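The structure under discussion appears below in the form of structure tokens.
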Amino acid sequence: MKKTKQLLTMVFAILIIMTAETQGRAETNDRLSLQKNMSFISYTPRSFSVINAKVQPATIKGIRDDLKLLRAHFDSIITYSCNNGLEHVPEIAEKLKYKSLIIGIWDPKSETEILNAVRLARSHPRLIAAISVGNEGIFAKKYTASDVEQTVLRLRKELPSVPLTTSEPFFLYLTPEYFRFFSTMDILLPIIHPMFEKWFNPADPVNAAAFVVNVSDKLQSRYQKPLIVKETGLPSGPVSKGFTRENQKAFWKEMLKQFIPSEKMALSFFEAFDAPWKPAVTKGNFPGFDYSQEEFWGFFTPDGKSKPVVDALRPGIQ
């Protein structure tokens, strides 16, 4: 009789665990299946900067002004950090009726960012669709895949229904060394920039857009996971390198023609605002290259004026 009770207790406990896991997976699928109907933009606040290795945190007012401006064109956001002011983004975004938010952790080893991410995900469960642990840090050798895995495992225990991922250049996803690593993620958030390919021509948006679509298809086919292209695009300068506002608009117009959102794949516009401070920081992370174009990726200038590329966006954001 005692053994029977013990067995029933064990079975009951297993059923509870299985039910919780099934519910968690269902919630995860629900969160991710919504992304095809969202209009995402990758966002760094205008009030944030890094100059001479000194961080200027984003301000609440600055974030509010940014998100009010962006809301007319976008209903969802991808951030890069949960620190230095960006921890205020979810609360402001929720008040402005944004539909979805993927929050980033810039440094997977940052206790502050990890704790902030957990707090934010619990405080805004309907808004925060996923957490991205790291951004190009494996490629830049700022941290390792193991560092990301450890944080992902920790977050899975604390936030079992929140999809978790990381973000790296697309070619790492196609490198056998990292197949297992990316397979453990709930969603793919790759960076696909055609402008770094040898054949790239800034005046040829058709081939550039086709490249992004083809790479996205290849990644989704390999991993069989929902995919959102976190970064792609064309900067609007410097003109001396063939980067113009007209070419930027042409690229995105072509992207919206070729890239059809689905439950499997979606696209985030990159990025919200020009950032004059970025070339120096990017050059520091990837020495030996000319990164003068890094300040010109924005759909809006630093003073909030729209570029022609905004006219290429799909209408009807609610």
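The values are calculated or read from the model by the stated rules, or taken from the named source; none is laboratory data. Since this is a predicted model, take the numbers as computed values, not measurements. No Cβ is skipped: glycine too gets one built from the backbone with ideal geometry, and neighbour counts run over all protein chains shown. Heads up: the accessible areas ignore ligands, DNA and RNA and are worked out on the full protein's heavy atoms, side chains in. Shrake-Rupley method; radii C 1.70, N 1.55, O 1.52, S 1.80 Å.
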ask   = Restricting attention to the range 158-172, does a residue exist that is out of contact with any helix residue (DSSP H, G or I) (no Cβ under 9 Å at 6 or more places or on another chain), among the polar types (S, T, N, Q), within 22 Å of Tyr43 (Cα to Cα) and not in a loop (DSSP other than H, G, I, E, B)?
value = yes
message = Suppose the filter is under 20 Å from Lys241 (Cβ atoms), among the small types (Gly, Ala, Ser) and surrounded by fewer than 19 Cβ atoms within 10 Å (Cβ to Cβ); does Ser306 pass it?
response = no
task = Take the range 245-266 and flag every residue that is of a type in the set (S, T, N, Q) and without any contact (Cβ under 8 Å) to a residue 60 or more places away in the chain.
result = Asn247, Gln258
key: Filter result (outside any loop (DSSP other than H, G, I, E, B) and touching a Gly at 6+ places or on another chain (Cβ under 6 Å)) within the range 38-70   = Leu69
inquiry  = Of everything in the range 214-264, what is among the small types (Gly, Ala, Ser), surrounded by fewer than 23 Cβ atoms within 10 Å (Cβ to Cβ) and closer than 27 Å to Phe289 by Cα? Give them in sequence order.
reply    = Gly237, Ser240, Gly242, Ala250
query = Got a number for residues in the range 81-98 being buried (at least 21 other Cβ atoms within 10 Å of the Cβ) and either touching a residue at least 40 places away in the same chain (Cβ under 8 Å) or charged (D, E, K, R) (or both)?
reply = 3
Close pairs from the range 111-123: first over 15 Å from Lys157 (Cβ atoms), partner in a helix (DSSP H, G or I) and of a type outside the set (Val, Ile, Thr), Cβ under 7 Å, at least 6 apart = Asn116/Glu87; Leu120/Glu87; Leu120/Pro90
remark   = Of Thr144, Thr151, the only residue that is more than 21 Å from Arg222 (Cα to Cα), crowded, with 17+ Cβ neighbours inside 10 Å and of a type in the set (Ser, Thr, Tyr) is Thr151
ask   = Does Ser132 count as in a strand (DSSP E or B) and either among the basic types (Lys, Arg) or out of contact with any Pro (no Cβ under 7 Å at 6 or more places or on another chain) (or both)?
value = yes
key: All positions within the range 154-178 that are open to solvent by 50 Å² or more (accessible area, probe 1.4 Å), without any contact (Cβ under 8 Å) to a residue 40 or more places away in the chain and out of contact with any strand residue (DSSP E or B) (no Cβ under 8 Å at 6 or more places or on another chain)   = Lys157, Phe171, Pro176, Glu177
